[in-house]
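Engineer: Here you go, one structure.
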Amino acid sequence: MASVHDDRLFDSAFLAKLEQLHLLARRLFRGEQRAERRSRQLGSSLEFADYREYAEGDEMRSIDWPAYARLERLFVKLYEQEQDLAVSFLVDASASMHWRPDGAQRTGKFDTARRIAAALAYIALANLDRVSIHFFADSVVSELGVMRGKAQFHDVLDFFRQPPASTKPTNLRASVRAFVQRTKRSGIVFVLSDFFDAAGYEEALAMLQHAQFDVHVIQVLEPAELSPIETGDLRLVESESGASLEVTANEAVLERYRAEVAAYNAGLEAFCRRRAISHASVTCERPFEDVVLKNLRDGMMLK
Amino acid sequence: MTFLSPWAVWALAGLPVVIALYFLRLRRRAVKVSTHMFWERAANKTSRHAFFQRLRHLLSLLLHIAIFLLLAGALAKPVMDRLVNDGASVVIILDCRARMQAKDESGATRFERAIHTARAYAAETGERRQFAIIEVDSAPSVAVPFTSDERRLLDLLGEIKVTDAAGEMGAALDLAYTLLEARGGDRRVILLSDGVPVAESKFPLTSHAFPALGNNVGITRFATRTLPANPETSEVLLEVRNFGDAAVKTSVEISFDGRPIDVKALTLPAGGRSFSVFPALVKSGRASRGWLTARIEADDSLAVDNSAFATLPGARSRRVLLVSKGNFFMERILEADSSVKFEMLAPEAYSSELGAKFSAVIFDQFVPDKFELAKAEGNFLFVKSTPFSAGAVIEQPLVTEVDSSHPSTRNVSLQNVSILRSTALAVPLAADGWRFSAPLRSFDNALLVTGQRNAQRLAALLFDVAESDLPLRVAFPLLISNTVHWLAGDEPETLPGVIAGRPVNLPDGAKVSAEPMTAWPRDGSVHPAVAGGAFRPMRNGFYHVEEGGVSRWIAVNTFSEPESESKATSASTAVAPLPSAVFTGWPLWQWLAIAGFVLLLGEWWLHHRRRTE
């Protein structure tokens, strides 16, 4: 089974492609250090921003001499200040994310989520953004502090290699509350989860927006969840609670199930659209490269 | 509806197993899922859906139970009666009369042969061929109603016994016809007997005549009676007949209480008969049972008629009180009767308490003061003076009517008796429990009135014997002796014999032994009396009767010349094979099985489409 430390998925060609990508933010954030992301502040990058008339104290080298030759007035060229961006990853590590259908050999939801997170983290690191990673279930269960620069990508991979225990249920609201409380600087936050929280996702995502985060939602799903094929007299054991539910699954029940799941996912997508939250839905069966290079770009998370 | 395999009802005991298996089937396959969120809503969306879910459970269980019941019903093999009627119905008439005890050359009896044949027929019982058995002794009766259960037929054939009774076969045939008339399909009668000629039969009849040796010699009559001239003794009448085709020399032995008392040699020509009278036999004493047995020495085909049984009346002494101022003729007669202990009393010395101590009291021209029939206790003979209202005097009445069946006038001849005068009295009407009759009459007037109230008896002679020539006639002692013994409660001296198979009505409270005794027991034992009421003895011998603490014996005999005639009167008819029943349709059990199978397929289809669980 492929995993995040499978070098074949992060070969140099794929990494080169990733380096061409940038994380998209719907708005600009104030950075702390110089980086490759434009900010509202004017600075010393090569990106021309505007002119203004010369004032005392301005550096002589910033005067646009050709303009002075044409207009006989002194103008100073203004350049954009490129600053770093805080990029956080909230990766669902609850029991439901570790669930895989019986006998399935492909990558599961959690593996898919952390591989996406790793890829996005690489992009962020390559852009000198500040990356932090948080695993959550009923709360934030483990986190990796701020990383910056590609050199620290291996630390990121090491963190992903040691996921936390997988028996806890999902509690998005409590997890987001814990994340917000311990994160001082707003920025981009990627929430990777199946969003199967009986208490709902709305409050958690609203809380992130209220904390001035640019929220990107990546819903990771297993195809067997979308369209189960098991029929007969079943005792369904929930992965998170261990509770049993007796169901006689026939075509009618399966049809209702598919409709329920579709309605739930449509509800999540509509909620994100209303709240200007980027949304992407990913299934585990899809080739990983497609997910990163197509799904996330379609979801307005990468450019 | 008839169930051909009723034992299958035990299959219903498996119903709880079916229900248990159903619930075991509901054990579900465990499947792990990420969340129940969508399953709960998909599987149990509304209360209406939950209702249908429960209904599905119930429907599935009901289907299982219905399938099981249908299959159990099919196992019981129900057949509609209409279909059975369209099958074959056979009535076997099994002769159980005394004649069936006759033996053939091999030593087997006709009855044994008949049972063997009946068993062979019973083996042909089938779903569509039912048998009924009629057993015939003194009267026909249905031993087994129509059934196709071979085991039941064989069991009941093992229980049927031959009897010593005589009877007619015509009633049995009528009963068989009645049974068959209510049936449909092929109907026939099988007659297992000694060869009964049947002129015309309503239904096809197969007669099996079982032969026997024809050399039978049998006792056809054996009776005792007390000699009127000497009540102390009895005489015995014995009739023996040779039913064979050759003359027979034999001997007959008479035994009393198991002790031989007489033997007589007999020579009987072919078809001939012999009458023998054995006189002057003593009456049985108080300790004796009065068993009188006759046996002839004959190695013939039928043993049951080689013995005969009779009983002698027991000797009883009666106390009689004569209340008279003196009556020469009456005193002489009572003194001469050894069965009577006679005492005489003057009228003025009589009291009712004294009279109650005697079996009979004779009031000669005297009626006690304040004598009331309603309150009187005891048995009384009034001579001339009676408690009845005195009417006019009839001069020289003629005796016009003598009831010879009445015990008091039995064997009494009063022809040309001259009576000077008598009291005119019509037969009194019944009153105070008394019922009166007049066994001796002069036109409309009674000369002798007798009355009975339960066990109490009364007689009134309405003329003075001294004013007639009656004392000079033989009839006088007979009339007085008969009347006194009747008043004392003595039964007729000649005991009627009981014929095997005929009902005997015993008094209330009487009990009789279930089995007869035929040989004198060395230990003096007696079969206990067990039952009372209507009693129909089927075997010959002595039956012990207990009545009011008093024991007596009943002798039972066959005494039937047709039964003793061991030669077959008709040959067997050709034995026709029993026809197979016409197959008119499927029995119901097959439809039940098909319905069960269809339901099973339906349940399977519904289950695999998750319509049931």
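Rule-based calculations on the coordinates, nothing more; no lab input. Predicted, not measured: the structure shown is a model, and the values here were computed from it. As a convention, Cβ positions derive from the backbone with ideal geometry for all residues, glycine included, and neighbour counts pool all protein chains shown.
Engineer: Which listed residue (A:I63, B:A42, B:V449) has the Cα farthest towards the positive end of the charge dipole for the protein assembly as shown, taking +1 on Lys and Arg C-beta and -1 on Asp and Glu C-beta about the Cα centre?
Structural biologist: Among A:I63, B:A42, B:V449, the one farthest towards the positive end of the dipole of the protein assembly as shown is A:I63.
Engineer: Also: Using the Kirkwood radius over C-alpha pairs as Rh, can you work out the diffusion coefficient of segment B:272-412 via Stokes-Einstein at 37 °C, viscosity 0.692 mPa s, in µm² per second?
Structural biologist: 167 µm²/s
Engineer: Given R₀ = 25 Å, what would the calculated FRET efficiency be for B:F328 paired with B:R421, taking r from the Cβ atoms and rounding to 0.05?
Structural biologist: 0.80
Engineer: Calculate for chain B the 222 nm mean residue ellipticity that helices alone would give, adding -39,500 (n - 2.57) per DSSP H run of length 4 or more and normalising by residue count, nearest 500 deg cm²/dmol.
Structural biologist: Using -39500 (n - 2.57) per qualifying helix, the result is -7000 deg cm²/dmol.
Engineer: Treating the beta-carbon of each Lys and Arg as +1 and of each Asp and Glu as -1, no other charges, what is the dipole magnitude of segment B:318-487 about its Cα centre, to the nearest 20 debye?
Structural biologist: 380 debye
Engineer: For segment B:318-487, what is one quarter of the convex hull surface built on the Cα atoms, given in nm²?
Structural biologist: Averaging across all directions leaves 8.9 nm² for the Cα convex hull.
Engineer: Another one. Counting only C-alpha contacts under 8 Å and six or more residues apart, can you give the relative contact order of chain B as a whole percent?
Structural biologist: About 16 percent, as a whole number.
Engineer: Enumerate the whole-percent occupancy of each 10 Å bin, from 0 to the last occupied one, for all C-alpha pair distances of the protein assembly as shown.
Structural biologist: For the protein assembly as shown, the pair-distance distribution reads 2, 9, 11, 9, 8, 7, 6, 5, 5, 5, 5, 6, 6, 5, 4, 3, 2, 1, 1, 0, 0.
Engineer: Each label point is 7 Å from the Cα along the Cα-to-Cβ direction; what then is the distance between the points at B:A336 and A:A104, in nm?
Structural biologist: Using points 7 Å along Cα→Cβ, the separation is 13.6 nm.
Engineer: Write out the trypsin sites (Lys or Arg not before Pro) in segment B:305-368 meeting two conditions: DSSP loop, and at most 15 other Cβ atoms within 10 Å of their Cβ.
Structural biologist: Listed in order of number, the matching sites are B:R316, B:K325, B:K357.
Engineer: Could I ask something else about it? What distance in nm lies between label points placed 7 Å from Cα along the C-beta direction at A:K150 and B:V598?
Structural biologist: Taking the two extended label points, one gets 7.9 nm.
Engineer: Next question, about the same structure. Which of the lysines could a cross-linker span from B:K264 if the Cα-Cα distance has to be under 18 Å and same-chain partners fewer than 8 positions apart are dropped?
Structural biologist: Those lysines meeting the cut-off are B:K249.
Engineer: So, one more: Where a Cα-Cα gap under 13 Å defines reach, which aspartates and glutamates qualify for B:K357, not counting those fewer than 8 residues away within the same chain?
Structural biologist: By straight Cα distance, B:K357 reaches B:E343, B:E377.
Engineer: Here is the link list: A:K17/A:K184; A:K109/A:K294; B:K77/B:K161; B:K341/B:K370. Which ones come out longer than 24 Å on Cα distance?
Structural biologist: Checking Cα-Cα distances, A:K17/A:K184; B:K77/B:K161; B:K341/B:K370 exceed 24 Å.
Engineer: May I pose another question? Can you tell me the relative contact order of segment B:82-209? Whole percent, Cα pairs under 8 Å, sequence separation 6 or more.
Structural biologist: 34 percent
Engineer: Testing the spin-label approximation: label points 7 Å from Cα along Cα→Cβ at B:D174 and B:F23. State their distance in nm.
Structural biologist: 6.4 nm
Engineer: Using the Kirkwood radius over C-alpha pairs as Rh, can you work out the diffusion coefficient of segment A:56-152 via Stokes-Einstein at 20 °C, viscosity 1.002 mPa s, in µm² per second?
Structural biologist: For the chosen part, D equals 124 µm²/s.
Engineer: Same structure again: Can you work out the FRET efficiency for the pair B:D262 and B:E181, with r the C-beta to C-beta distance and R0 = 41 Å, to the nearest 0.05?
Structural biologist: Once the sixth-power term is evaluated, E becomes 0.15.
Engineer: A further question follows. When the Cα centres of segment B:116-159 and segment A:167-224 are compared, how far apart do they sit, in Å?
Structural biologist: For segment B:116-159 versus segment A:167-224, the Cα centre distance is 91 Å.
Engineer: For chain B, report the % of Cα-Cα distances exceeding 49 Å.
Structural biologist: Distances greater than 49 Å cover 43 percent of the Cα pairs.
Engineer: If the chain between B:A30 and B:A247 were fully stretched, how many nm would it gain, using 0.36 nm times the residue separation less the Cα-Cα distance?
Structural biologist: 68.0 nm
Engineer: What size of dipole, in debye to the nearest 20, comes out for chain B about its Cα centre when the only charges are +1 on Lys and Arg C-beta atoms and -1 on Asp and Glu C-beta atoms?
Structural biologist: Value, rounded to 20: 4280 debye.
Engineer: Here's a follow-up. Identify all aspartates and glutamates with a Cα-Cα distance to B:K567 below 18 Å; exclude those on the same chain that are fewer than 8 residues away in sequence.
Structural biologist: B:D95, B:D104, B:E105, B:E112, B:D164, B:E168, B:D194, B:D245, B:D299, B:D300, B:D305
Engineer: Between A:T167 and B:L69, take the C-beta separation as r, use R0 = 45 Å, and let me know the FRET efficiency to the nearest 0.05.
Structural biologist: That pair, A:T167 with B:L69, gives E of 0.35.
Engineer: What translational diffusion coefficient, in µm²/s and rounded to a whole number, does the Stokes-Einstein relation yield for segment B:120-256 at 4 °C and a viscosity of 1.567 mPa s, taking the hydrodynamic radius as the Kirkwood radius over Cα pairs?
Structural biologist: Approximately 69 µm²/s, per Stokes-Einstein.
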